[in-house]
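Heads up: the structure comes next, in structure tokens.
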Amino acid sequence: MIVQLIVRRLFFLVFVLLGLSLITFVLSHVVPRDPARIIAGPRASPEAVEKIRKEYGLDQPLWRQYVRYLNGLIRFDFGKSLTSRRPVAEDLARYLPATLELALYAMLFAVAVGIPLGVLSAVRRNSLLDLFGRTISILGLSIPSFWLALILQFFLFAQLGLLPDGQRLPVGVREPPRVTGLFTVDALLAGNFSLFLLALKHLLMPSLVLGLAALAIVTRMVRSGMLEVLGQDYIRTARAKGLQPHVVIWRHALKNALLPAVTVIGLQFGLLLGGAVLVEIIFSWPGIGRYAFQAIQNFDYNAVISVTLVIGAAYVLVNLLVDIIYVLLDPRIRVT
Amino acid sequence: MERTGYAPTTRTIRTLVERSPRPRTLLDSIRDFLAQSPLNVVGVFLIAVFLFLAAFGSLLAPHDPIQPNVAVKLQPPSSTYWFGTDELGRDILSRVMSGAKYSLGVAFIILSIAVLVGTFVGLIAGYAGGIIDELLMRLTDLFLAFPALVLAMAIAATLGRTLENTVIALTAVYWPWYARLVRGQVLWLKEREFVEAARAIGASPLRILGRHILPNTLAVIIVQLTLDVGYAVLATSGLSFIGLGAQPPTPEWGTMIAGARTFFRQAWWYITFPGLALTLTVLGFNLLGDGLRDFLDPRTRRR
């Protein structure tokens, strides 16, 4: 049954990826500027522009161009950046790990704080802690991340000097030897603990800002899930059996309350990838968000659209993973 | 009336009549809603303030929000300039007041179109079922496969950097959510007895959808809509912040924060007030949306 479900989801994945490529392809063709002209530069002669049009296949019928585009995508060929002239795939490979590391830590923050906060909020309903939890879960969704980022930068960097204002490592510090591209992991793998701490310090502010909205949603989901579960009979039974309250709450109740939250938490990861754009710009974080931003500034559509495609694909993959985890966690689905 | 099966006595009829309240008006509902939680009052208050600013903010602004006056650049808050001035000497209070109409206006347009298109698609998909449903839903899947901000960014970047294109981009991002939502409701409603009854007496599909199904989906749409205003406001200002939406000198809040970025170390007021306005607007709609959800749907009251 699980296998069947996964196979079905994989089929769907192929379909969605095809659709994604179609949308991005259409986008790249509604561009109001002539791509051949952009590549050739503003002062190129009409002949040179025509030559480039031929060279890049821009004179062929649209469907041929799409097939060509798809053909490239399968081999991770996203075309060349119109400004740097480097293959976009190369740029993406360089910048993606930074974004992933940032999103992972943001997620970690949201889950590590959100789950306990949601549980305690539900268990001590209407207490001061609950008020705090609920405030977080509304305020976290209301504060614009880019504004919060700038405010925190002002206090924690400019005023107090506690945290660095951006970048993954201070200027001049050598990056750890690249294994995963995640600096904290690579530093540990290299056995360099102080470098690990340094990278962590740089991650702290950006991941906190990025994770706040996710924290709000996780807290809310866990709280409402717990409230629902705590009112059920088996919890009363567990309590009546004389089980310790913390065992009832953290083992019996949380397990079932988390189930609906898993899907939502998974969706957050995709949203974090999207939200990373704004945060990366402010913290000079060399990820694909900032790359996309710079590409927008330079009218480098190829790069913008490739970033969109990559984030879309990552989003779809994460959601697939979440679905599978959900099935594995929920015994009711397994048997049916 | 535990003695069921007996005809009701005149006494029970009288008590029933006396107890039955007068027909509930909209005002009653609003009063109950506000009484439900102080947070609802806060939400309604915030929204009222910013709607007022969106309508009259530019008229009431004490200074010109666009015209530079370099003689008074980067002044801290004072009795003349309550929120201080920016790097061109423009009054930040006036700019914040005039900015409300961009954020709320854009959110209003985006969500109106998204709701219309989404509801239309959702009604058709849900009611028609079969291949039409399948096609339409796979189409929404495609749009939902992107994180909203990223797709909007790509659309706005390719179409060109104007506020109008931001509207197009965000509309493209939001309509599928409503299509999904409405479809789900329709699927649930169309099997209900009152719809079956309408069908049995020969009501046309159009009438069934318009008179029986659509009104019953409104509550869900309204709750979603209220929550989405906040997201739309944030997304619009976020896109403006990265230079895709409103362009300077438009006093749009996201654009203002982008401008303030360079000066935030010497002029805290420049970045503080547009951000505060943005936060409070979104907060208002989130509070209202949460309150409405609890109010309209008793099943989620505990959440």
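The values are calculated or read from the model by the stated rules, or taken from the named source; none is laboratory data. Note that the coordinates shown come from a computational prediction; the quantities given were computed from them, not determined experimentally. Ideal geometry is used to build each Cβ from the backbone, glycine not excepted, and the neighbour counts take in all protein chains shown. Accessible surface areas use protein heavy atoms only, side chains included; no ligands, DNA or RNA. Shrake-Rupley method; radii C 1.70, N 1.55, O 1.52, S 1.80 Å.
The mean number of Cβ atoms from other chains found within 10 Å of a Cβ in peptide B:151-164 is 6, as a whole number. Rg over Rh for the range B:202-250 works out to 1.36, using Cα positions for both radii and the Kirkwood form for Rh. Other protein chain C-beta atoms within 10 Å of residue C-beta, averaged over A:146-154: 6.
Determine, at each q value in 0.14, 0.15, 0.17 (inverse angstroms), the log₁₀ of I(q)/I(0) that the Debye formula gives when each Cα of the range A:1-144 is one equal point scatterer. Log-scaled intensity ratios, in q order: -0.90, -0.95, -1.06.
Between A:R8 and A:L58, full extension at 0.36 nm per residue minus the direct alpha carbon distance yields a gain of 14.4 nm. Multiplying the residue separation of B:L60 and B:D141 by 0.36 nm and subtracting their alpha-carbon distance yields 24.7 nm.
Which residues in the range A:100-136 place their backbone N less than 19 Å from a point set 7 Å from the Cα of A:T180 along the Cα-to-Cβ direction? Answer for the range A:100-136: A:100-113.
P(r) for chain A, from all Cα pairs and a bin width of 10 Å, is 5, 20, 25, 24, 16, 6, 2, 1, 0 %, short bins first.
Nonpolar atom fraction for chain A, defined as the carbon and sulfur part of the 1.4 Å probe accessible area, stands at 65 percent. Dipole size of the protein assembly as shown about its Cα centre, with +1 on Lys/Arg Cβ and -1 on Asp/Glu Cβ: approximately 1340 debye, rounded to the nearest 20. For the range A:143-183, dividing the convex hull volume of the Cα atoms by the residue count gives 88 Å³ per residue. Hey, what did chain B get for relative contact order, percent, Cα under 8 Å, at least 6 apart? In percent, rounded to a whole number, it is 22.
Which loop trypsin sites (Lys or Arg not before Pro) in the range A:210-277, with loop taken from DSSP, have no more than 12 other Cβ atoms within 10 angstrom of their Cβ? Those that pass, being in a loop and sparsely packed, are A:K241.
Only alpha carbons enter this Debye calculation for the range A:262-336, each as an equal point scatterer, and the log10 of I(q)/I(0) it gives at q = 0.17 Å⁻¹ is -0.68.
Expressed as a fraction of 2.2 N^0.38 Å, the value expected for a compact globular protein of N residues, the C-alpha radius of gyration of the range B:159-217 is 1.64. Bridgeable lysines around A:K51 (alpha carbons under 23 Å apart, same-chain partners fewer than 8 residues away excluded): A:K80.
For the chain pair B and A, buried accessible area totals roughly 4400 Å², probe 1.4 Å, rounded to the nearest 100.
The label-point distance for B:Q247 and A:A190, in a model that sets each label 7 Å from Cα toward Cβ, rounds to 4.5 nm.
Each principal axis of the Cα cloud of the range B:101-204 was taken in turn, and the coordinate range along them, longest first, works out to 53, 30, 18 Å. Computed from Cα atoms, the angle from the helix A:193-230 axis to the main principal axis of chain A rounds to 60 degrees.
Taking amide H as placed 1.01 Å from N in the peptide plane, the amide H of A:L163 sits under 5 Å from that of A:F157, each at least 5 places away or on another chain. Label sites at B:I168 and A:L18, each approximated as a point 7 angstrom past Cα along Cα to Cβ, lie 2.7 nm apart. Taking the Kirkwood radius as Rh and the Cα radius of gyration as Rg, chain B has a ratio of Rg/Rh equal to 1.10. Note on the range B:229-303 and the range A:107-134: Cα centroid distance 24 Å, given to the nearest whole angstrom. Projected onto their three principal axes, the Cα atoms of the range A:115-199 cover extents of 50, 29, 20 Å, largest first.
Calculated FRET efficiency, B:A219 to A:T237, Cβ-Cβ distance, R0 = 45 Å: about 0.80 to the nearest 0.05. How would you classify the range B:127-259 from its alpha-carbon gyration tensor, with a ≥ b ≥ c the square roots of the eigenvalues: rounded for a/c under 1.5, else prolate if a/b is greater than b/c, otherwise oblate? Prolate, since a/c reaches 1.5 and a/b exceeds b/c.
With all pairs of different C-alpha atoms in the average, the Kirkwood value for the hydrodynamic radius of the range A:34-117 is 15.9 Å. Taking every alpha-carbon pair within the protein assembly as shown, the share separated by more than 34 Å comes to 52 percent. If a spin label sat at a point 7 angstrom from the Cα of A:H246 along the line to its beta carbon, the backbone N atoms of the range A:110-127 nearer than 18 Å would be those of A:113, A:115-124. Straightening the chain between A:K255 and A:V26 buys 78.0 nm, computed as 0.36 nm per residue apart minus the Cα-Cα spacing. Comparing B:T236, B:T162, B:T281 in a Gaussian network model of chain B (Cα springs below 10 Å), the most mobile by mean-square fluctuation is B:T162.
Calculated translational diffusion coefficient of the range B:24-175 (4 °C, 1.567 mPa s; Stokes-Einstein with Kirkwood radius over alpha-carbon pairs) equals 68 µm²/s. Computed from the Cβ-Cβ distance with R0 of 25 Å, the FRET efficiency linking B:I131 to B:A203 stands at 0.55.
Computed log10 I(q)/I(0) for the range B:192-303 at 0.11, 0.20, 0.22 Å⁻¹: -0.57, -0.99, -1.08, from the Debye equation with unit scatterers placed on every C-alpha and solvent omitted. Between A:K80 and A:V88, the built amide H atoms are under 5 Å apart, and every one of these is 5 or more places off in sequence or on another chain. What the phi angles of the range A:242-250 give under the Karplus curve with 6.51, -1.76 and 1.60, with θ = phi - 60°, is a coupling list of x, 5, 4, x, 5, 5, 4, 6, 7 Hz, glycine and proline written as x.
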